[in-house]
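Written below as structure tokens is the structure these notes are about.
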Amino acid sequence: MTSTSGETDPRVVRSRARVLDAVAYLLVEKGVRGVTVEAVMARSGVARATVYRHWPTRQELVLAGLRHLLPPPVPPIAVDGTLAQRLTSSLGELARQMSVEPWAHAIPALLEAARREPEIAAATARFVADRQAPLRAVLREAVEGGALPPVDVELALAELLGPFVYRRLITSEPLDEALCANVVEDFLRGHAARDTADAVAGLSSPGATAHDGPPTTVEG
């Protein structure tokens, strides 16, 4: 609804804000199953007809509430600095986003709902991909530029983010700067070690030699 001046009607803005605040509250306190039109109406004081006018289905209402909870996407990481610095910066921003309340409190309920509801699963995948994009770009550029050995970027993402997800969902330990630094250090050391090990394995494989020339042929 718009007024004759073309501006958005402030009554509509207020109603939408009350509904989104109510959905966000229910997501955090009750989980996705707790988001019903009746519960949103009771919490927000907005009429059923108004809720359905803006969000015709429950799924749309839930997704709007999730977007309302989400922190802004992670900004691109500056191209200067070492690979370790860029990885640490990117992980630090992701860690901050995973710790922002009330979004952080809603993550377990969202993941649980994503296993049952395809639309929420698809939206969750988009949310996650958007926020992983800067870290994915750092890894891809590092592989293409030779700063990292050839690695599967998606597996590398999982390797870097795994400790943060574990702390967020299992142990509730802080996602702090020390964790970021340790994860990056272990990641870079591990991939350097694997690169060296691959080279050693190649030298020790059948028919390989420790010099650059072709194998010596002994004539009988």
Might you check whether a residue that is surrounded by 15 or more Cβ atoms within 10 Å (Cβ to Cβ), among the aromatic types (F, W, Y), under 22 Å from V100 (Cβ atoms) and at pLDDT 90 or above occurs anywhere in the range 183-199? no
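Among R168, R136, which is among the charged types (D, E, K, R), closer than 26 Å to S99 by Cα and touching an Asp or Glu at 6+ places or on another chain (Cβ under 9 Å)? Can you show your working first?
Numbers: R168 fails: touching an Asp or Glu at 6+ places or on another chain (Cβ under 9 Å).
Just one listed residue meets the conditions, R136.
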Matching entry among R86, R115, R58 (being surrounded by 13 or more Cβ atoms within 10 Å (Cβ to Cβ), basic (K, R) and within 17 Å of L27 (Cβ to Cβ)): R58
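Yes/no per residue for (1) assigned to a helix (DSSP H, G or I); (2) of a type in the set (D, E); (3) within 19 Å of the chain's Cα centre (by Cα); (4) at pLDDT 85 or above:
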{"site": "T4", "(1), (2), (3), (4)": "no, no, no, no"}
{"site": "E29", "(1), (2), (3), (4)": "yes, yes, no, yes"}
{"site": "A39", "(1), (2), (3), (4)": "yes, no, no, yes"}
{"site": "Y52", "(1), (2), (3), (4)": "yes, no, no, yes"}
{"site": "Q59", "(1), (2), (3), (4)": "yes, no, no, yes"}
From V143, V138, V184, grab the single residue that is in contact with a Pro (Cβ under 7 Å, 6 or more places away or on another chain), under 20 Å from A84 (Cβ atoms), assigned by TED's automatic domain parsing to the domain that holds L94 and assigned to a helix (DSSP H, G or I). V143
Restricting the search to the range 42-52, which residues are surrounded by 13 or more Cβ atoms within 10 Å (Cβ to Cβ) and out of contact with any Ser or Thr (no Cβ under 9 Å at 6 or more places or on another chain)? R43, Y52
Determine the pairs where a residue that is in the same structural domain as V165 (by TED's automatic domain parsing), located within the range 99-118, has a partner that is in a loop (DSSP other than H, G, I, E, B) with Cβ atoms under 8 Å apart, the partner being 6 or more residues away or on another chain. S99/P174; S99/L175; V100/P71; W103/L70; W103/P71; A109/G31; E112/G31; A113/G31
What about P174, is it modelled with pLDDT of 95 or more, under 19 Å from the mean Cα position of the chain (by Cα) and closer than 26 Å to L66 by Cβ? no
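Pick out the one residue from L110, L87, L148 that is modelled with pLDDT of 90 or more and either part of a helix (DSSP H, G or I) or touching a strand residue (DSSP E or B) at 6+ places or on another chain (Cβ under 7 Å) (or both).
Details: L110 fails: modelled with pLDDT of 90 or more; L148 fails: either part of a helix (DSSP H, G or I) or touching a strand residue (DSSP E or B) at 6+ places or on another chain (Cβ under 7 Å) (or both).
One residue alone meets the criteria, L87.
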By residue number, the members of the range 96-148 that are within 19 Å of L188 (Cα to Cα) and among the small types (G, A, S) are A137, A142, G145, G146, A147
Given the criteria under 23 Å from the mean Cα position of the chain (by Cα), on the phi < 0 side of the Ramachandran plot and either at pLDDT 90 or above or not in a helix (DSSP H, G or I) (or both), does P72 qualify? yes
Under 9 Å between Cβ atoms, at least 6 apart or on separate chains: pull out the pairs that start in the range 120-137 with a residue that is exposed (fewer than 12 other Cβ atoms within 10 Å of the Cβ) and end on any residue that is at pLDDT 90 or above. A129/R136
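The values are calculated or read from the model by the stated rules, or taken from the named source; none is laboratory data. Note that this is a predicted model, so its numbers are computed, not measured. When we count neighbours, we look across all protein chains shown, and the Cβ atoms used for this are built from the backbone with ideal geometry, even at glycine.
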